[in-house]
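Below: one structure, written as structure tokens.
The values are calculated or read from the model by the stated rules, or taken from the named source; none is laboratory data. The model shown is predicted, which means the values in this text are computed figures rather than measured ones. All Cβ positions, glycine included, derive from the backbone under ideal geometry; neighbour counts span all protein chains shown.
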Amino acid sequence: MAISDLKSLPDLSPACWLQQIDPWVDAVQLREKHASDRQRFELATLARTSTTSTVLVNGRPDIALAAGCHGVHLPSSGLPIVALRTAFGDRLLIGRSTHHPQEVAAARQAGADYVIFGPVFPTPSKAPYGPPPGLEGLRRAAAYGLPIVAVGGIGPDQMALVAEAGAIGVAGIRAFQSQPTLERMAQLARQLWPRSATGQPA
């Protein structure tokens, strides 16, 4: 899952970034929190109509629905999953950011389709929040049986470790901005998480 941070790519248009990642990722999360509603809607529409990936809008189910996207990804302190599930049923995939195994358990009980869990490894942007849960935390989180996408300090060298710990995939920002790293991670992902004839992880 590629997570957008277009302000860190000033020389690359949204369309070019989407085109660059599309052959290599299964999902894209649009996380432009400081953009206006109109800008976020336009980006979501662009992503939905120009990529083959599952498109998730961060925190805004209304924009996701209006743009015809597949789902919404909720911050850990975002909207309640139960309320969204009641309002929208299965029309939207619903994911949640989680940082502790207990949050994964709560998201599963509330009806989330998946969670992002981490940071698994140290990463500069999360340093103020204390030590990361690590692979042991990821294993405990995966034990709840909800699909988990690992995030935080993950590059090609860490992918096998998080797969062994129970993750069904990885997410990131910086790792998906370097074309060589992106391609290498995609190749490894296809080995670690082979897909069945239905397109689901085998």
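Numbers for the structure displayed
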item: Of all residues making up the range 80-99, the number that are within 17 Å of the chain's Cα centre (by Cα), modelled with pLDDT of 95 or more and not polar (S, T, N, Q); result: 6
item: Selected residue (criterion: surrounded by the fewest Cβ atoms within 10 Å (Cβ to Cβ)) from residues of the range 34-48 that are without any contact (Cβ under 8 Å) to a residue 12 or more places away in the chain and of a type in the set (D, E, K, R); result: 38
item: Hits in the range 119-141 (condition: closer than 11 Å to residue 167 by Cα and buried (at least 20 other Cβ atoms within 10 Å of the Cβ)); result: 120, 138, 141
item: Among residues of the range 86-97, those that are out of contact with any Leu (no Cβ under 9 Å at 6 or more places or on another chain) and either surrounded by 15 or more Cβ atoms within 10 Å (Cβ to Cβ) or under 22 Å from residue 168 (Cβ atoms) (or both), counted; result: 1
item: Output for the range 49-72, where each listed residue is in a helix (DSSP H, G or I) and either in contact with a Lys or Arg (Cβ under 8 Å, 6 or more places away or on another chain) or surrounded by fewer than 18 Cβ atoms within 10 Å (Cβ to Cβ) (or both); result: 49, 50, 62, 63, 65, 66
item: Residue under evaluation residue 195, criteria (1) of a type outside the set (Ser, Thr, Tyr); (2) modelled with pLDDT of 95 or more; (3) surrounded by fewer than 16 Cβ atoms within 10 Å (Cβ to Cβ), criterion not met; result: (2)
item: Filter result (within 17 Å of the chain's Cα centre (by Cα), closer than 19 Å to residue 95 by Cβ and not hydrophobic (A, V, I, L, M, F, W, C)) within the range 143-175; result: 147, 152, 166, 169, 172
item: Scan of the range 1-48 for residues that are of a type in the set (A, V, I, L, M, F, W, C), assigned to a loop (DSSP other than H, G, I, E, B) and over 15 Å from residue 175 (Cα atoms), ordered by number; result: 12, 35
item: Residue 83 surrounded by 21 or more Cβ atoms within 10 Å (Cβ to Cβ) and in a helix (DSSP H, G or I); result: no
item: The range 157-182, residues that are at pLDDT below 95, surrounded by 12 or more Cβ atoms within 10 Å (Cβ to Cβ) and more than 21 Å from residue 56 (Cβ to Cβ); result: 178, 181
item: Tabulated pairs, the range 130-141, first without any contact (Cβ under 8 Å) to a residue 12 or more places away in the chain and farther than 7 Å from residue 120 by Cβ, second of a type in the set (D, E, K, R) and surrounded by fewer than 16 Cβ atoms within 10 Å (Cβ to Cβ), C-beta under 9 angstrom, 6+ apart or interchain; result: none
item: Pairs with Cβ under 7 Å, 6+ apart, first in the range 1-28 and touching a residue at least 24 places away in the same chain (Cβ under 8 Å) and among the hydroxyl-bearing types (Ser, Thr, Tyr), second surrounded by fewer than 13 Cβ atoms within 10 Å (Cβ to Cβ) and in a helix (DSSP H, G or I); result: none
item: Elements of type helices (runs of 4 or more DSSP H) in the range 97-202, at least 1 residues being within 25 Å of residue 20 (Cα to Cα) and aliphatic (A, V, I, L, M); result: 159-164, 179-192
